[in-house]
Amino acid sequence: MSERKDSAIRCFETAHGLPCWVLEMRDSAYVLGVDENGLIQHLYWGAKLGLDSDYGNPAAFPGRSDRPEGISNEEFLVWGGLSYTEHCLKASFKDGVRATSLLYDRAEIDNASVHPSLTIFFNDAHYELSVRLRYVVVSECNLVVRNTVLVNTGNNPIDLERTMSATWRFPLRDGYTLRTLNGEWSAEFQIQESPVVVGKQVIERRTGSRGHDAQPWFGLHLPGTSETSGELWFGALAYSGNFQLILERTANNQVSLTGGISDFDFGWRLGPGESFETPAFVGGHTTKGYEEASRSLHEYEIAHVLPSRFAREVRPVLYNSWYVTEFDVNVANQSDAADRAGQLGVELFVMDDGWFGRRNHDRAGLGDWYVNPEKFPEGLGPLIDHVKSLGMSFGLWVEPEMVNPDSDLYRAHPDWVYHFPNRTRSESRNQLVLNLSRRDVRDFVFDFMHRLLGEHDISFIKWDMNRPFSEPGWPDAPEGRDREIWVRHTEGVYSILTQLREAHPEVLFESCSGGGARVDLGIMSRTDQFWMSDNTDPVDQLFMTEGFTLAYAPLARMAWVTDAPYAGNRVPPLEFRFHAAMLGAFGLGGNLPSWSQEEMEQAAQLIDRYKAVRRTIQHGRFYRLLSPRAGQLSAFQFVNQDRRESVLFLFLLGSRYHTHRQWVNLRGLESEARYLVRDGDAPSEEVGGQALMVRGLFVEIEGDYVSRLICIERVPQ
Ligand code: DGJ
């Protein structure tokens, strides 16, 4: 074989002359091989072993026809023959044949690229369908990125009924637990754990694109796995449309997870010469617990997913108008808010909903993207100039995929929304979804956004999406292609964003969907940050941040401080609210003209403090030291890349009986170094890195909703 012994991807032959591939990362390995029936068998995914020959032998997994029904260890199981476990592909051919039979053709290894890759080629045994399985190795993050390309090499259409990105297979072990991120509007990113029982657990989105309830992320761990230790496998699907992650445990304890575009109501006609590429499914393995799994994903996202223009930069402190003026924005109230925001050191002033069309409430105006002349008689120019004269840049809210029936756009183009003839067009938030599967509708959206950005000095766009799909019909679709809308819509959003970024490279984009209902690695590669949740209660923000950061980098998490209470009666002090919002990218959304002088001064100081440490927060390593789920005191720590600076946040929800006293073990510092610990105005203390990590930092804290921001700096030697 031509690969060197130390290549990231190597091919070796078993004693039976069967090819196997070892994909080696910094700490882990992923191994697969061809069996004597020409099927690709999964051999190993776990910590690196010493010898290639230790990784197993595909002959030990004979073809499925020799096995009891329903049992397979194939990398990419297709539907056809005696296979009953979750498969990745179901296709039907012109003559009515609905079974696929793939045979291994060849493989290509590319070790020369920054990220080495392996591509395995298959052909159908009879029909003109070829399939490529692609594996990209991101060694420093211990990640394998998988996807599939299907190519119609013949002259007849092939109908795809299911096309998943990958099946991940896990070792035969007992006691797996599945961790997922679930939630609802205003309560996103809730951590849920469940035992893996015989049968299936499905994490799914059927709403088109908006999904507070299910995240395309999973963790699967063995007994004893914690934040800092233990073995787990994890993955994230880079897709913003309908998806499925299906965890399956067979009666003989094989555990696998198949994921990709949901096959619910899915259909795709693969025309002659056409190809279909599935979204990437990123998978990782670690023996060091969830913290290490999150770190792998955070580093991968910053290095390879987030748009490169702003990926290495810090996110500006922003102000957003939504909670204060809602639809009632005008040049006077926005200028007043901007004056106050400017005094606090805000860097980006964002006007939310209400600035366009006849958008005086959520019942009208969506789709009419002209500046409302009553609210802004001279257009947006004077407000933008005012904001800029205060030293801030200007940002704007849009919801381009939607239309209110009460709009000029809908009156002119009632056929531009998804609908079925003879069925009600169900409204949600008084709006319908524009059919971005259509080229003319995509062009309309791109054109108005391009014009908006071209005609105004806008540095930031908050791209919102506020309802699920219903009646997903496309009556004028080309024959046999009406069910493609689920995929075409997402493709449309992606392509418009890609085009806009090319045309306006200096604009920062935020993805929003009624809070955090469209957060995933797919949209992340086209937008720079996410609005985590409409819920700005600081206690709830702690819980959601814990869940969010399991999968996504704090840099991409936007949260604001608003007026309290957000809901209910909880009114934590301003400092607590600021600290909770600071665990990532930070913004404000309160009624600043009503804030007292004292509150304004305190806010300005806190923002200064945040700016001084935000590079460490946004680009450092993140440690969930004490989970808010575990007790009254929670702690989050950030450490910059060279371990010179660390920021520790402590949040006490309430004291019970006495002052809360606890040693909090820090992480990620240099054991040999000495650090200066500065807790607000208290005298700073010099402590060794080893002591801070092994013994911890002694914390004495009292009261309800009390928080601290503690800076820890390495003492120069
Ligand atoms: C939903 C978002 O989550 C809010 O922040 C706000 O932008 C509204 N939409 C505006 O309609």
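Within the same chain, aspartates and glutamates fewer than 8 places from K388 are excluded, and of the rest, those with a Cα less than 12 Å from its Cα are D339, E347, D457.
Indicate the gyration tensor shape class of segment 626-714 (rounded, prolate or oblate), computed on the Cα atoms with a ≥ b ≥ c the square roots of the eigenvalues: a/c under 1.5 is rounded; otherwise a/b larger than b/c is prolate and the rest oblate. It is prolate, given that a/c is not under 1.5 and a/b is the larger ratio. The distance linking segment 659-689 with segment 371-441 is 51 Å (Cα centroid to Cα centroid, whole angstrom). A Förster radius of 41 Å, combined with the Cβ-Cβ distance separating S389 from E427, puts the computed FRET efficiency at roughly 0.50. Remark on D534: its backbone amide H falls under 5 Å from those of S186, G515, G516, a criterion applied only to residues 5 or more positions apart or on other chains, H modelled at 1.01 Å from N. When each of H304, H456 is scored by the number of other beta-carbon atoms lying within 10 Å, the sequence from fewest to most is H456, H304. Taking the dipole about the Cα centre of the chain, with the C-beta of Lys and Arg at +1 and of Asp and Glu at -1, give me whichever of F543, L452, P472 is farthest to the positive side. Positive-end residue among those listed: F543. Taking Cα centre as origin and charging only the Cβ of basic (Lys, Arg, +1) and acidic (Asp, Glu, -1) residues, the dipole magnitude of the chain rounds to 940 debye.
Along its three principal directions, the equivalent ellipsoid of segment 231-287 from the Cα gyration tensor extends over semi-axes of 27, 15, 11 Å, largest first.
Taking other C-beta atoms within 10 angstrom as a stand-in for reagent exposure, H450, H619, H285 fall in the order H450, H619, H285, fewest first.
In order along segment 583-594, the Karplus-derived 3J(HN,Hα) couplings, from 6.51 cos²θ - 1.76 cosθ + 1.60 at θ = phi - 60°, round to 7, x, 6, 10, x, 10, x, x, 7, 4, x, 8 Hz, and Gly and Pro are given as x. For Y675, the amide hydrogen comes within under 5 Å of the amide hydrogens of V687, G688, G689, V715, counting only partners 5 or more places away or on other chains and with H modelled in the peptide plane.
Max-minus-min Cα coordinates of the chain on each principal axis give 79, 69, 45 Å, with the largest extent listed first. Measuring between their Cα centroids, segment 244-322 and segment 531-581 lie 24 Å from each other.
Taking +1 at the Cβ of each Lys and Arg and -1 at the Cβ of each Asp and Glu, which of G273, N142, G284 sits farthest along the dipole of segment 9-305 towards its positive end, judged by Cα position relative to the Cα centre? Of the listed residues, the answer is G273. Looking only at segment 581-595, which residues have a backbone nitrogen under 15 Å from a spot 7 Å from the Cα of D563 in the C-beta direction? Residues 589-595 qualify, since their backbone N sits under 15 Å from the label point.
Residues S321, S226, S511, arranged from fewest to most other Cβ atoms within 10 angstrom of their Cβ, appear as S226, S321, S511.
Straight-line reach from K288: taking Cα to Cα under 13 Å and skipping same-chain neighbours fewer than 8 places apart, the aspartates and glutamates in range are D27, E227, E231. For the pair Q717 and D110, how long in nm is the line joining their label points, each one 7 Å along Cα→Cβ? Modelled inter-label distance: 4.2 nm.
Projecting the Cα positions of S7, Y410, T153 onto the charge dipole of the chain (unit charges on Cβ atoms of Lys, Arg, Asp and Glu, taken about the Cα centre) puts S7 furthest along the positive direction. Helices that extend 18 Å or more along their long axis by alpha-carbon positions and average at least -1.0 on the Kyte-Doolittle scale are, among the DSSP H runs of the chain, 331-344, 439-455, 485-503, 538-551. Here the relative contact order of the chain, from alpha carbon pairs under 8 Å that lie six or more residues apart, stands at 10 percent. Placing +1 on the Cβ of every Lys and Arg and -1 on the Cβ of every Asp and Glu, with no other charges, gives segment 214-350 a dipole of roughly 260 debye about its Cα centre.
No lab work stands behind these numbers, since they all come straight from the coordinates. Everything numeric in this text was worked out from a predicted model, so none of it was measured. Ideal geometry is used to build each Cβ from the backbone, glycine not excepted, and the neighbour counts take in all protein chains shown.
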